[in-house]
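The values are calculated or read from the model by the stated rules, or taken from the named source; none is laboratory data. As the structure is a prediction and not an experimental result, all values here were calculated from the model. FYI the Cβ positions are ideal-geometry reconstructions off the backbone, even for glycines, and counts take in every protein chain you see.
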Amino acid sequence: MPESSTSWQEQAKPPLLFKRFEFEDYAHTRAFLDALNELSERVGLYPRNLSFSSSHVNVTVDADGEALGERERDFARRLDELAQGGD
């Protein structure tokens, strides 16, 4: 479970969402990364940029067109749920 979590930051040009997820240790970070990978495989949407350390993960999701749509926003919501230990 993340120690702290902020809202997704939205950018218009280029259209993208960004969030930093913080975790208490590497085991939680690794579990989130594995769950993120499974979600991406399942829905066919992959972060534009993904960086991490032992205690945080930075995720950038870009638009599948000219603007952010429900697909990207749903993916972001699902990542929030995963970070909280949901499915």
Point to revise | Selection status of E10, surrounded by 13 or more Cβ atoms within 10 Å (Cβ to Cβ) and not in a loop (DSSP other than H, G, I, E, B) | key: yes
Review point. For region 58-70, how many residues are touching a helix residue (DSSP H, G or I) at 6+ places or on another chain (Cβ under 8 Å) and either acidic (D, E) or part of a helix (DSSP H, G or I) (or both)?
Key: 2
**Study point:** Residue that is modelled with the lowest pLDDT, among those in region 36-79 that are small (G, A, S) and more than 11 Å from the chain's Cα centre (by Cα)
**Key:** G65
Exercise for review: Give the residues of region 38-57 that are farther than 15 Å from E81 by Cβ, among the small types (G, A, S) and not in a strand (DSSP E or B), sorted by residue number.
Suggested key: G44, S53, S54, S55
Practice item. Output yes when any residue across region 26-34 is in contact with a strand residue (DSSP E or B) (Cβ under 8 Å, 6 or more places away or on another chain) and either of a type in the set (D, E) or more than 16 Å from E81 (Cα to Cα) (or both), and no when none is. Key: no
Practice item. Could you check A35 against (1) part of a helix (DSSP H, G or I); (2) in contact with a Phe, Trp or Tyr (Cβ under 6 Å, 6 or more places away or on another chain) and say which number it fails? Key: (2)
Review point. If you check E22 against the conditions, is it in a helix (DSSP H, G or I) and either exposed (fewer than 11 other Cβ atoms within 10 Å of the Cβ) or touching a strand residue (DSSP E or B) at 6+ places or on another chain (Cβ under 9 Å) (or both)?
Key: no
